[in-house]
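Read the structure below first, then the notes.
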Amino acid sequence: MNLAFAKSTKWWEKGLQPNMREIESAQDLVDSLANAGDRLVVVDFFSPGCGGCRALHPKICQFAEQNPDVLFLQVNYEEHKSMCYSLHVHVLPFFRFYRGAQGRLCSFSCTNATIKKFRDALAKHNPDRCSIGPTRGLEESELLALAANKDLEFTYTKQPEPVPSGDREVIAPGSPRLPPPAKPLVRQGSGERTLVSSGR
């Protein structure tokens with residue numbers, strides 16, 4: 001006798017729109033944000049056992065359907081607990097909004113009772129905007145935290161910062177940004193001017 005069981009669809013897989021997808025790893029999250037360009041990206045942190053996440057899911061799918069130009073990324077807390085800890089996600093459901101060179105725009109937790117918070121953030125950050133510069137994605141502190149996490153297969157090298165050098169900027173790997181040279185102070189007294197430098 002041959003028994004075949006149909007694979008049941010998990011609640012977080014129901015109602016998914018073409019602009020919604022589940023994140024597979026820390027590298028997948030970083031790459032997805034970097035490749036989104038100027039597109040608004042909403043990262044939805046959820047847990048299969050979270051009642052609030054389950055109740056909110058149909059509304060998130062509805063928002064995704066109404067906003068096909070917005071990318072919705074789902075991060076399963078149970079599968080990526082270590083990554084969530086590194087990103088300081090401790091309350092569920094939790095959302096982060098990102099766009100282009102601006103990077104993270106906002107982050108918050110909400111439920112069905114406070115869905116207005118999500119709707120307002122979507123309305124505020126969804127209008128088409130052009131941000132000048134490369135896509136930021138995660139903040140450098142978040143990237144460093146992911147790279148420091150031994151449970152994740154993710155590597156990140158701190159980007160060199162431009163250091164001013166005369167008329168042009170020179171990028172020196174690993175060199176700290178230096179403060180601009182202090183302007184000398186001039187003291188006036190008894191008709192005589194003395195040059196005094198402001199030492200640190």
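The values are calculated or read from the model by the stated rules, or taken from the named source; none is laboratory data. Keep in mind that this is a model prediction, so the values were computed, not measured. We work out accessible area using only protein heavy atoms, side chains counted, and drop any ligands, DNA or RNA first. Shrake-Rupley method; radii C 1.70, N 1.55, O 1.52, S 1.80 Å.
List the residues whose amide H sits under 5 Å from the amide H of L40, counting only those 5 or more places along or on another chain, with H placed 1.01 Å from N in the peptide plane.
L71
Calculate log10 I(q)/I(0) of segment 6-61 for q = 0.13 Å⁻¹, where I(q) comes from the Debye formula with a single equal point scatterer on each Cα and nothing for solvent.
-0.39
Using the Kirkwood formula on the Cα atoms of segment 44-164, what hydrodynamic radius do you get, in angstrom to one decimal?
Evaluated over segment 44-164, this radius sits at 15.9 Å.
Counting only protein chains, not ligands or nucleic acids, how are Y98, Y77 ordered by accessible area (probe 1.4 Å), most first?
Ranked from most to least accessible, the order is Y77, Y98.
Quick one: length gained pulling A101 to E65 fully straight, 0.36 nm per residue minus the C-alpha distance?
10.4 nm
Once amide H atoms are placed 1.01 Å from N in the peptide plane, what residues at a sequence separation of 5 or more from L105, or on another chain, have their amide H within under 5 Å of its amide H?
F97, Y98, R99
For segment 11-148, what % of the accessible area comes from carbon and sulfur atoms, probe 1.4 Å?
Roughly 53 percent, rounded to a whole number.
What relative contact order, as a whole-number percentage, does segment 11-148 give when Cα pairs under 8 Å and 6 or more residues apart are counted?
About 31 percent, as a whole number.
Working from the alpha-carbon coordinates of segment 55-105, get Rg over Rh, Rh being the Kirkwood radius.
Taking Rg over the Kirkwood Rh, I get 0.99.
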